[in-house]
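Comments concern the structure below.
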Amino acid sequence: MKQRKLAARSIDEQVRQSIKTVGLGGFENRKIHQLSGGQQQRVALARSFAKKARIMLLDEPLVNLDYKLREQLRDEFKNLFSAELSSESILIYSSTDPLEAMQLNGHTIVMDEGRILQHSVAKDVFENPATIKVAEITNDPVMNTMRGSISEQEIVINSDFKLKLPDHLKNLSPGSYIFGIRAAELTIHENGIPFTLEFSEISGSETFLHLENNGVSLVALVEDLVAIDAHQKLMIDINVDQMYAFDMECQLVKSPFQE
């Protein structure tokens, strides 16, 4: 910034604002070796912000930070994407965390093995994944998929697994499809379909239930801590109003958000 011959006052203001943005207020006079790994990572971010680089590539910048700080900086990044900085710089944020990518709510590019699969605003990518692969990448846990068919106003997965055909899928031709449903759209309900619980995972304040029905494996996300012994029978209700339909080439045919 000095080499650019910026005024000392301007340098001081930009540096202090950048330090504040990354949550390092009060650490201005510390040497690098006096900072933790996460704090050093934030110094690198502050340098880019302070000098207003034309292009910034942030390669998983939050991966080594603790949960609370990660949440704090994620909110700051959301502000940065929509603030004055984004009009002066191109910010490229790389992440393997689908929740992080969706929360930042920028123009989202979904890539797999170096290939661009879809790009659009985050909301559209999440609501209308172009392929099953995109749906898997942008959901955690990955979107449940199951092969089945549409026949006589029903979705038929197998002889014991049939679902009411929702309104948004009624215009589809009878035939074979791959149906997708997010884990949060599966709930335990007495009038549901019988599944066997293979095992459960507790993740923070949530529980993942791994279920099986005659060769069909699904994961349900329960917003609570649930202790259920494996191999029990559970009745599972599937919210068909949030069901996706893909063709046998894994391309999106119909989503609940398409008119």
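For the stretch 10-163, pairs of C-alpha atoms spaced more than 29 angstrom apart make up 34 percent of the total. List the relative contact order of the chain as a percent without decimals, with contacts defined as Cα pairs under 8 Å and 6+ residues apart. Computed over the chain, the figure is 13 percent. Overall, the accessible surface of the chain at a probe of 1.4 angstrom is composed of carbon and sulfur to the extent of 48 percent.
Counting only whole DSSP H helices of the chain, there are none at least 15 Å long by C-alpha along their axis and with mean Kyte-Doolittle hydropathy no lower than 1.6.
Per residue, the chain exposes 59 Å² of accessible surface when a 1.4 Å probe is rolled over the protein heavy atoms with every protein chain present. Here Glu28 and Leu225 are evaluated by their C-beta separation; at R0 = 51 Å the FRET efficiency comes out at 0.75.
Any idea what the alpha-carbon Rg over 2.2 N^0.38 Å comes to for the stretch 116-258?
Numbers: Rg = 15.1 Å, N = 143, 2.2 N^0.38 = 14.5 Å.
Rounded to two decimals, the normalised Rg is 1.04.
Ranking Tyr93, Tyr67 by solvent-accessible area of protein heavy atoms (1.4 Å probe, all protein chains present), from largest to smallest, gives Tyr67, Tyr93.
Between Asn158 and any residue 5 or more places off or on another chain, the built amide H atoms are never under 5 Å apart. The value obtained for the chain, namely the Cα convex hull volume divided by the number of residues, is 159 Å³ per residue. Amide H to amide H distances under 5 Å link Gly192 with Ile236, where only residues 5 or more positions off or on other chains count and H is placed in the peptide plane.
Ranked from largest, the principal axis spans of the Cα set of the stretch 153-193 equal 31, 22, 17 Å.
Working note: Karplus 6.51/-1.76/1.60 with θ = phi - 60° gives the stretch 228-235 the couplings 10, 5, 4, 6, 6, 8, 10, 8 Hz, where Gly and Pro are set to x. State log₁₀ I(q)/I(0) for the stretch 210-259 at q = 0.23, 0.27, 0.33 Å⁻¹ as given by the Debye formula over alpha-carbon point scatterers of equal weight, solvent excluded. Each listed q maps to, in turn, -1.03, -1.17, -1.32. Note on Arg115/Asp167: beta-carbon distance plugged into 1/(1 + (r/R0)^6) with R0 of 45 Å gives a FRET efficiency of 0.85.
The values are calculated or read from the model by the stated rules, or taken from the named source; none is laboratory data. Note that the coordinates shown come from a computational prediction; the quantities given were computed from them, not determined experimentally. So basically every Cβ, Gly included, is an ideal-geometry build from the backbone, and we count neighbours across all protein chains shown. Areas reflect the complete protein model, heavy atoms only, side chains present, ligands, DNA and RNA absent. Shrake-Rupley method; radii C 1.70, N 1.55, O 1.52, S 1.80 Å.
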